[in-house]
Amino acid sequence: MESENKPNFDPRDHQHLRYNPLRDSWVLVSAHRMKRPWKGQVEKPSEDSVPRHDPNNPLCPASTRANGEVNPEYDSTFLFENDFPALQPDAPDPGSDHHPLFRTKAARGVCKVMCFHPWSDVTLPLMQPEEICKVIDKWAELIEELGPTYPWVQIFENKGAMMGCSNPHPHCQVWASSFLPNEPALAERCQRAYLQKHGEPMLLEYARMEAQAQERVVVENEHWLVVVPYWATWPFQTLLLPRRHILRLPDLTSQERNSLASIMKRLLTKYDNLFEVSFPYSMGWHGAPTGHYLKEDMNHWQLHAHYYPPLLRSATVRKFMVGYEMLAQEQRDLTPEQGSHT
């Protein structure tokens, strides 16, 4: 009789755990928490009055950067060495004779900054598809240029002051490292194990199943699919996936690059329209590792991009990863299905 009185499980009302196969970890979903009144921090609305050109902005054409170099009068993408790099190619080796509790390894690499457009008052969703295609082509060129030397080339964009972006100008960063960082190393292990066990690349099968289910799809076209992943942690996190098996950005055909530009513009426009604000996020590409991995079978990998926006309830209320998330486990306040249909 007791079991008859138990409510039926509803993911919108009952907390539950979801498995993230890319990280071999679990996420706590507690969608009922969205019903609680918010009395926490409220962010200041983002500044809308960004000048098209500011001579004091080091990313603008003809501006002088911190190292004294003057930018050219560029009219498309512009790439330069980061003036304050986290990785340098000639750092000395700290040696390996260390206690197991005090281990150190060498870390070398290069860091670049890539401007998307000469105007400071535009963002990717405001750019024309052909302009976004030039960004994608440059990304692919960077993988081809740096990949033979470095096992990992991380392309990432921090958009908005909320994500720590200090210069209001459309740009991304590219860090190439002599080591495989933690997140790609996890994705490498998990995707390899999945192919060995199931006989198909994880994210290729996942994209097909999401396209069939249509429960978490945000936007899609002939070549690409964007979903709020089943295991998403951030409220409006998305995963951008190709429909065919692709290892790295340079492998994309011209048609797939045009299609990617289109779907990026659609996705980022939806983000901006969600709370009627230039939507902040951190995004980045994950493809098969490079360097010595170029000579290995990497068919367990599938190219994909992650978008991690911090906003939760409105343009001024964000999701904080603190307390339980830092000390115990990742947790989110609405289901991925709710996030994809907002």
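With both residues required to sit in the chain, DSSP beta bridges show an antiparallel share near 95%. Applying both filters, DSSP loop and at most 16 other Cβ atoms within 10 Å, to the trypsin sites (Lys or Arg not before Pro) of the range 224-271 gives Arg244. Just checking the listed ones, His245, His292, His223: in the Gaussian network model of the chain with Cα springs under 10 Å, the one fluctuating most is His292.
Once divided by 2.2 N^0.38 Å, the Cα radius of gyration of the range 239-282 becomes 1.37.
Where the only charges are on Cβ atoms (+1 Lys, Arg; -1 Asp, Glu), what is the dipole of the range 41-120 about its Cα centre, to the nearest 20 debye?
280 debye
Only sites in a loop by DSSP and with at most 10 other Cβ atoms within 10 Å count here; which chymotrypsin sites (Phe, Trp or Tyr not before Pro) in the range 75-159 make the cut?
Phe102
A helix-only calculation puts the chain at -7000 deg cm²/dmol for mean residue ellipticity at 222 nm, using -39500 (n - 2.57) for each DSSP H run of at least four residues, averaged over all residues. Grouping the Cα pair distances of the chain into 10 Å bins from zero gives a pair-distance distribution of 5, 22, 32, 26, 12, 2, 1, 0 percent in increasing distance order.
For the chain, the membrane-span-like helices by this rule, meaning whole DSSP H stretches whose C-alpha atoms cover at least 27 Å of axis and whose Kyte-Doolittle mean is -1.0 or above, are 254-274; this says nothing about an actual membrane.
Full extension of the chain between Met326 and Glu215 gives 37.0 nm of extra length, using 0.36 nm per residue less the Cα-Cα distance.
Neighbours of Ile263, meaning other residues whose beta-carbon lies under 13 angstrom from its beta-carbon, give a summed charge of +2 when Lys and Arg score +1 and Asp and Glu score -1.
Projecting the Cα positions of Asn71, Asn8, Ser340 onto the charge dipole of the chain (unit charges on Cβ atoms of Lys, Arg, Asp and Glu, taken about the Cα centre) puts Asn8 furthest along the positive direction. Placing +1 on each Lys and Arg Cβ and -1 on each Asp and Glu Cβ, with no other charges, gives the range 257-306 a dipole about its Cα centre of roughly 180 debye.
Readers should treat all values here as calculations from the given coordinates under stated rules, not as data from a laboratory. All figures in this text were calculated on a predicted structure; none of them were measured in a lab. Cβ: placed from backbone, ideal geometry, glycine included. Neighbour counts: every protein chain shown.
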